[in-house]
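Notes follow once the structure below has been shown.
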Amino acid sequence: MNTAEIERTVALARRLPKAELHIHIEGSLEPELIFELAQRNGVTLPYASVEALRAAYAFTDLQSFLDIYYAGASVLLHEADFYDMAWAYFERAQADHVLHAELFFDPQTHTARGVPMDTVIQGLSRACADAREKLGISASLILCFLRHLSEEDALATLEAALPHREHFIGVGLDSSEVGHPPEKFVRVFARCRELGLRIVAHAGEEGPPDYIWQALELLQAERIDHGVRCLEDPVLVAELARRRIPLTVCPLSNLKLCVVPTLADHPMRQLLAAGLCATVNSDDPAYFGGYLNENFEQLVRALDLSDTEVLTLARNSFEASFVGDEERARLFAALDRATSPPG
Ligand code: ADE
Ligand code: ZN
């Protein structure tokens, strides 16, 4: 593609309405807000300044990121902190034309520090309600279990969250992948399914394709978060395509956590070519160098994506979202309006 065509495709990607389905809300905590909350709450940080903290964002793998990410979340203590964090994300999401967002949150990161479950969920769900009312973004919450902790801890976390059942639509599985396969969490996910919760799981980010099989077969995951390593197993790719199991892919995350050496090596085009319902997402935008539109823009530039591929990605995000039929029709209609010629 020539330069003018690339710029046109980038502009298209930026202005299209989309859904974001893989965003850890704690990963949207910008260094400036970390320092503001630290001061507000009297928390001492092991970094002298915003610049010193940002300079520490040089990751070699998932674990090197998670260590800093959990340290950053330590400034979150009160309901207003959770609200302010989520609200800052929604304002950025609106600027990127996000019409619908499904936010991951990690309650164990907070309850382990003595923050009540109620504080976490109230702050986040109040921000979701305001996003709907004031920004026109439909938003919901997905509670994630930390896979480096035990299944007993996950079960206790689920029980503690159940009084707030109306505030989250589903559950996920995140944190250190390798060594913590989905099979470790079979019982807690079975209980979640009984409760009518939607099921997602991180798998195939750093972990092998077998973890994706486990997420599908043992947890009955309806979507796979990341999933990029599925390409190593053609039978798995065929199964994901046949069942139209969406993958919530996070290009800048994959780059910053060294899942791919450069963005030009990113497998997004192969995922689409295999007929998979792949989507673009930001994962932990404050840590990985960009929110949703930045992910789209850098991916388009690195892979020379076509207008058709960009449209497919936007469409996939609505197809993959956990909204009802009426809401999905509204989202698709917005996409049709944005792509139909004027007049
Ligand atoms: N928690 C926050 N971001 C994550 C990621 N990319 N993988 C696993 N756990 C996470
Ligand atoms: Zn993630």
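The values are calculated or read from the model by the stated rules, or taken from the named source; none is laboratory data. The model shown is predicted, which means the values in this text are computed figures rather than measured ones. FYI the Cβ positions are ideal-geometry reconstructions off the backbone, even for glycines, and counts take in every protein chain you see. When the accessible area is computed, the model is the full protein with side chains, heavy atoms only, and any ligands, DNA or RNA have been set aside. Shrake-Rupley method; radii C 1.70, N 1.55, O 1.52, S 1.80 Å.
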Picked from the stretch 207-242 (must be outside any strand (DSSP E or B) and out of contact with any helix residue (DSSP H, G or I) (no Cβ under 8 Å at 6 or more places or on another chain)), the residue nearest to ligand 2 (Cβ to nearest atom) is 222
The residue that is surrounded by the most Cβ atoms within 10 Å (Cβ to Cβ), considering only those in the stretch 144-193 that are farther than 13 Å from residue 121 by Cα and among the aromatic types (Phe, Trp, Tyr), is 145
Residue pairs within 9 Å by beta carbon, gap of at least six or interchain, first lying in the stretch 30-56 and in contact (Cβ under 8 Å) with a residue 40 or more places away in the chain, second basic (Lys, Arg) and open to solvent by 40 Å² or more (accessible area, probe 1.4 Å), listed first then second, are 31/54
Of the listed residues (103, 99), the one being within 20 Å of the chain's Cα centre (by Cα), within 16 Å of ligand 2 (Cβ to nearest atom) and modelled with pLDDT of 95 or more is 103
Query raised in the report: Does residue 328 fit the bill of being out of contact with any His (no Cβ under 7 Å at 6 or more places or on another chain), without any contact (Cβ under 8 Å) to a residue 12 or more places away in the chain, closer than 21 Å to residue 104 by Cβ and open to solvent by 40 Å² or more (accessible area, probe 1.4 Å)?
Result: yes
With criteria (1) closer than 16 Å to residue 94 by Cα; (2) within 16 Å of ligand 1 (Cβ to nearest atom); (3) over 18 Å from the mean Cα position of the chain (by Cα), residue 34 comes up short on (1)
Note on the stretch 290-324: residues touching a Ser or Thr at 6+ places or on another chain (Cβ under 7 Å) and within 16 Å of residue 94 (Cα to Cα) are 290, 291, 292, 295, 317
Only one of 210, 265 is within 22 Å of residue 148 (Cα to Cα), among the acidic types (Asp, Glu) and open to solvent by 10 Å² or more (accessible area, probe 1.4 Å), namely 210
Restricting attention to the stretch 148-177, the residues that are free of Cβ contacts under 8 Å to residues at least 40 places away in the same chain and within 21 Å of residue 65 (Cβ to Cβ) number exactly 1
Scanning the stretch 117-143 residue by residue, the ones that are outside any strand (DSSP E or B) and open to solvent by less than 30 Å² (accessible area, probe 1.4 Å) total 12
Filter pass, residue 60 being exposed (fewer than 15 other Cβ atoms within 10 Å of the Cβ), out of contact with any Pro (no Cβ under 9 Å at 6 or more places or on another chain) and touching a residue at least 24 places away in the same chain (Cβ under 8 Å): yes
Inside the stretch 243-262, the number of residues satisfying the requirement of being assigned to a loop (DSSP other than H, G, I, E, B), open to solvent by less than 40 Å² (accessible area, probe 1.4 Å) and within 16 Å of ligand 2 (Cβ to nearest atom) is 4
Picking from 279, 308, the residue that is open to solvent by less than 20 Å² (accessible area, probe 1.4 Å), among the polar types (S, T, N, Q) and either part of a loop (DSSP other than H, G, I, E, B) or under 29 Å from residue 239 (Cβ atoms) (or both) would be 279
Among residues of the stretch 37-75 being under 21 Å from residue 113 (Cα atoms) and β-branched (Val, Ile, Thr), the residue nearest to ligand 1 (Cβ to nearest atom) is 68
